[in-house]
Amino acid sequence: MALKEAFDLIGGLGLLVRHKSVTVKLNLTGADFSPFLGRPAGETMMTHASTALALGALLFEAGARRVRFVESAPTRETLEGLLVRGGGT
């Protein structure tokens, strides 16, 4: 997996996350999820759900005790709702 290899090249995740709670700030780029270049926001300018899931798996594999995904948006929508609306799921 390319993401794991990238982290391994900089010394791995273990020393940073083992036995810790880890917070990952997603990049949803606001609340305007208009298509970009004919593609949904979830495939262009916002973090794709599969990338977030892959990172979460790597963090747990490296020994993280808990992983929290967070985002700040100018709406009261749930994170799940934002992801669905952005087409990233």
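The values are calculated or read from the model by the stated rules, or taken from the named source; none is laboratory data. Only a predicted model underlies this, so the values are computations on that prediction, with no experimental measurement involved. So basically every Cβ, Gly included, is an ideal-geometry build from the backbone, and we count neighbours across all protein chains shown. For the accessible areas, the whole protein counts, side chains as well, though only heavy atoms, and no ligand, DNA or RNA atoms are used. Shrake-Rupley method; radii C 1.70, N 1.55, O 1.52, S 1.80 Å.
Note the full-extension length gain between residue 2 and residue 77 as 0.36 nm times their separation in residues minus their Cα-Cα distance, in nm to one decimal. All intermediate terms of the calculation are to be shown ahead of the outcome.
Numbers: separation 75, 0.36 × 75 = 27.00 nm, distance 3.21 nm.
Gain on extension, residue 2 to residue 77, equals 23.8 nm.
Given a 1.4 Å probe and heavy atoms of the protein chains only, how would you sort 76, 65, largest accessible area at the top? Display every interim value, and only then the final one.
Working: 76 235, 65 150 Å².
Ranking 76, 65 by accessible area, largest first, yields 76, 65.
Could you state the accessible area per residue of the chain in Å², with a 1.4 Å probe and every protein chain left in place? Kindly include the intermediate steps, with their values, before the conclusion.
Numbers: 5910 Å² over 89 residues.
Ligands and nucleic acids excluded, the result is 66 Å² per residue.
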Query - Reduced Cα scattering model of the chain, Debye log10 I(q)/I(0), q = 0.15 Å⁻¹ - result: -0.63
Report summary line: Between residue 9 and residue 84, Cβ-based FRET efficiency (R0 35 Å, step 0.05) works out to 0.55
Report task. Determine the share of the chain's accessible area contributed by carbon and sulfur atoms, expressed in whole percent, with a 1.4 angstrom probe. Result -> 59 percent
